[in-house]
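The values are calculated or read from the model by the stated rules, or taken from the named source; none is laboratory data. Everything numeric here is computed off the predicted structure, so don't read it as measured data. Note: ideal-geometry Cβ built from the backbone for every residue, glycine included; neighbour counts use all protein chains shown.
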Amino acid sequence: MDDKENMTLREYREHFTNTFSNLYPKTEIDSIFFLLLEEYLNLKRIDFTLNPNEFIKDAILAKLKALENKLLKEEPIQYIIGKTEFYGLPFLVNKHILIPRPETEELVEWIIQENINQNFKILDIGTGSGCIAISLAKHLQNAKVTAIDISKEALDKATENASLNNVSITFKLVDVLKTETLDEKFDVIVSNPPYVRELEKSEIKNNVLNNEPHTALFVSNSNPLVFYDKIADLAKKSLTKNGLLFFEINQYLGKETVTLLSDKGFKNIILKRDLFKNHRMIRATL
């Protein structure tokens, strides 16, 4: 950073953009810059636009400089500031849980559209931050939502996130691959399980690969649908009549996932594309 003691918002943005121009696309640099601005200077994008020549205090500049070193190591901004936004709601995150993705918001939207006024019992398998379960509980206020995960650290954070968003959810520590039956019936079962094959690691950005928990991301090349197979079997026993099963899926395995569900007797299977035109979601009924 420049040696001069004072730097305006505009000057700092220019410095910030130059620092990361070889690492991130411009849109991502802007996004990170404005997140930092809001977190450490309590300024929104409009404040920057209106007062670009406002000076940044030295203490804040020093803090931002320290954060730049983390960003240069490709640590995700969400882990640095300890929070993110999903479906318009705030979520606390740490390295024990995946950072919620925009594609998953589309899955939540699809479920809400299906069940907007129902007194449904919903199960979220592999809840992580709790983003799916909490968003559904917030928008389907008559629903009774249960969420399970294999990670105690994830459940601790999901419990915090439920309190943060003022919703009531039953959280349980469960290894779904070792579970033979669920202890109650559900109208909706949803899961965004690990689905990235080891062979697809080359497609994953370093900031994800080197920071986010691999157990929540990756499956073996030899059995990439292991979670879908298991969850579908559990859903067959535990969905109510006309109950719905929703999955986020591997974009390259859409047809295979449809076939798996069809072979198990699921009907009305819909394979849906996300905003990036990738096959990303499936809905099926029993």
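Residue-by-condition table, conditions (1) of a type outside the set (D, E, K, R); (2) touching a residue at least 12 places away in the same chain (Cβ under 8 Å); (3) within 20 Å of E105 (Cα to Cα); (4) not assigned by TED's automatic domain parsing to the domain that holds D229:
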site: C131; (1), (2), (3), (4): yes, yes, yes, no
site: K144; (1), (2), (3), (4): no, yes, yes, no
site: I150; (1), (2), (3), (4): yes, yes, no, no
site: E153; (1), (2), (3), (4): no, yes, no, no
site: N165; (1), (2), (3), (4): yes, yes, yes, no
site: V176; (1), (2), (3), (4): yes, yes, no, no
site: T179; (1), (2), (3), (4): yes, yes, no, no
Picked from the range 223-246 (must be of a type in the set (S, T, N, Q) and surrounded by fewer than 12 Cβ atoms within 10 Å (Cβ to Cβ)), the residue modelled with the lowest pLDDT is N242
Can you name the residue in the range 178-199 that is in contact with a strand residue (DSSP E or B) (Cβ under 9 Å, 6 or more places away or on another chain) and under 19 Å from P224 (Cβ atoms) and, of all such residues, is surrounded by the fewest Cβ atoms within 10 Å (Cβ to Cβ)?
-> E198
Just one of (1) touching a residue at least 40 places away in the same chain (Cβ under 8 Å); (2) under 14 Å from the mean Cα position of the chain (by Cα); (3) farther than 21 Å from E212 by Cα trips up G88, so point out which.
-> (1)
Select, from F266, F171, the only residue that is modelled with pLDDT of 95 or more, among the hydrophobic types (A, V, I, L, M, F, W, C) and either exposed (fewer than 13 other Cβ atoms within 10 Å of the Cβ) or under 21 Å from T104 (Cα atoms) (or both).
-> F171
Counting just the residues of the range 141-160 that are surrounded by 21 or more Cβ atoms within 10 Å (Cβ to Cβ) and of a type in the set (A, V, I, L, M), which one comes out farthest from the chain's Cα centre (by Cα)?
-> A143
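Checking the condition more than 26 Å from N166 (Cα to Cα), modelled with pLDDT of 95 or more and surrounded by 13 or more Cβ atoms within 10 Å (Cβ to Cβ), which residue from T49, T17 passes?
Of T49, T17, the one residue that is more than 26 Å from N166 (Cα to Cα), modelled with pLDDT of 95 or more and surrounded by 13 or more Cβ atoms within 10 Å (Cβ to Cβ) is T17.
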Only one of S163, S202, S220, S135 is touching a strand residue (DSSP E or B) at 6+ places or on another chain (Cβ under 8 Å), surrounded by fewer than 17 Cβ atoms within 10 Å (Cβ to Cβ) and among the small types (G, A, S); which?
-> S220
Do any helices (runs of 4 or more DSSP H) entirely within the range 1-103 hold 3 or more residues that are more than 30 Å from S191 (Cβ to Cβ) and outside the structural domain of F246 (by TED's automatic domain parsing), and if so, which?
-> 9-20, 26-41, 45-50, 58-72
Here is a list of conditions, (1) touching a residue at least 60 places away in the same chain (Cβ under 8 Å); (2) under 20 Å from P213 (Cβ atoms), and I122 meets all of them except one; can you say which number that is?
-> (2)
